[in-house]
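Report on the structure given below.
Values in this text are rule-based calculations from the coordinates and carry no lab data. This is a predicted model, so every value here is computed, not measured. Glycine gets a Cβ as well: all are built from the backbone with ideal geometry, and neighbour counts include every protein chain shown.
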Amino acid sequence: MHPTIIKMQAVVASGDHDAIATILAQDVAFMPPTYWKTWTGRDAVAAVLGHVGQVFSEFRYRRVMGEGRDWALEFQCKIGDLDAVGVDLITLDEAGLIKEFEVVMRPHKSIGALRDAMNARVMTDPRFLKFKDALS
């Protein structure tokens, strides 16, 4: 398994945006499951993923599939008292950093809970407010 994918499994659920940033390409693109918007850039994506790691509980990867630069990591978690499952679709760049990160999840009710929890967090986090325009 690729070293970045191994490290990703250890840091994504941690909520530690600094640790997450170390596996992201400078120009990373992140496509969240909560709305049709792409976040771009290491700082913005690390901030978003740091919050996600704090919203999810009981997070674990169930299966990892892929090779080379393309990976799919199936996960399960809780958002409040709701169960959710999803897949992180990852593309690595030539340096082995995450260049594209797309998340697909179900069920719909859990995604709504994630969106609400994330909006509450990011709109009150002073270090995150500089990325607020990306939400528009």
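Under a 10 Å cutoff between Cα atoms, tell me which one of 82, 97, 73 has the largest fluctuation in the Gaussian network model of the chain.
82
Sort 28, 122 so that the residue with the fewest other Cβ atoms within 10 Å of its own Cβ comes first and the one with the most comes last.
On the way: 28 24, 122 19.
The most exposed by this proxy come first: 122, 28.
Based on other C-beta atoms within 10 Å, arrange 34, 40 from fewest to most.
Working: 34 17, 40 12.
Least crowded to most crowded, the residues run 40, 34.
Give, as a single signed number, the net charge of other residues whose beta carbon lies under 12 Å from the beta carbon of residue 65, with Lys and Arg counted +1 and Asp and Glu -1. Working shown, then result.
On the way: positive: 62, 63; negative: 67, 70, 74, 88.
In short, -2.
Rounded to the nearest 500, what is the 222 nm mean residue ellipticity of the chain from helices alone, with -39500 (n - 2.57) per DSSP H run of 4+ residues and division by all residues?
Values: 4 runs with 43 residues, N = 136.
Roughly -9500 deg cm²/dmol at 222 nm, from the helical runs in the chain.
Output needed for the chain: three equivalent-ellipsoid semi-axes, defined as square roots of 5 times the C-alpha gyration tensor eigenvalues, in descending order, whole Å.
Here the semi-axes work out to 21, 18, 13 Å.
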